[in-house]
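Have a look at the structure below before the remarks.
The values are calculated or read from the model by the stated rules, or taken from the named source; none is laboratory data. Everything numeric here is computed off the predicted structure, so don't read it as measured data. Because the Cβ atoms are built from the backbone with ideal geometry, glycine has one as well, and the counts that use them run over all protein chains shown. Just the protein is used for accessible areas: all its heavy atoms, side chains included, with ligands, DNA and RNA removed. Shrake-Rupley method; radii C 1.70, N 1.55, O 1.52, S 1.80 Å.
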Amino acid sequence: MNIIMKKIIEKIKAWLATLSFKTGVIVLITCIPFYILSFVQLSFDFLSVSTKSILWVVLFGLAKTFQYGGLTIIGVEGVKRLKQKFFKKKDDTEIESN
């Protein structure tokens, strides 16, 4: 059984490695609506408590799945690339103002 699981994990890793940086960013951004929906639905008065609980678990779980999936696709180098993109603008404006 362990051999089968290892093969499946290796296939998933190989597949994720073929996905692009842009795909990772899109998957990562997809988590935002699920986070919003997971909390907004709690304010609906017409839903029972058990329905709200189930919806919260499902929607929050989807948000986390998209978040970690996107981060996995992007990888460490992609995260560094995103940080450079966002923090570079701050550094440039600080230098210009001095």
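Considering only residues of segment 53-68 that are surrounded by fewer than 16 Cβ atoms within 10 Å (Cβ to Cβ) and among the polar types (S, T, N, Q), which is nearest to LEU82 (Cα to Cα)?
THR65
Limited to segment 23-50, what total is found for residues that are in contact (Cβ under 8 Å) with a residue 40 or more places away in the chain and closer than 17 Å to ALA63 by Cβ? It would help to see each step written out before you state the result.
First pass over segment 23-50, keeping only residues in contact (Cβ under 8 Å) with a residue 40 or more places away in the chain: 23-30.
Next, only the ones that are closer than 17 Å to ALA63 by Cβ stay: 24-30.
Going through segment 23-50 one residue at a time, the tally reaches 7.
Looking at segment 20-52 only, could you name the residues that are open to solvent by 60 Å² or more (accessible area, probe 1.4 Å) and either among the hydroxyl-bearing types (Ser, Thr, Tyr) or touching a Leu at 6+ places or on another chain (Cβ under 6 Å) (or both)? Walk me through how you get there before you give the answer.
Step one: list which residues in segment 20-52 are open to solvent by 60 Å² or more (accessible area, probe 1.4 Å), which gives 22, 26, 29, 32-33, 36-37, 39-40, 42-46, 49-50.
Scanning segment 20-52 gives LEU37, SER43, SER50.
Applying the selection to segment 69-80, what residues are loosely packed, with under 14 Cβ neighbours inside 10 Å and touching a helix residue (DSSP H, G or I) at 6+ places or on another chain (Cβ under 9 Å)?
Within segment 69-80, the first condition is being loosely packed, with under 14 Cβ neighbours inside 10 Å, and the residues that meet it are 76-77, 79-80.
Once the filter is applied, which keeps residues that are loosely packed, with under 14 Cβ neighbours inside 10 Å and touching a helix residue (DSSP H, G or I) at 6+ places or on another chain (Cβ under 9 Å), segment 69-80 yields GLU77, VAL79.
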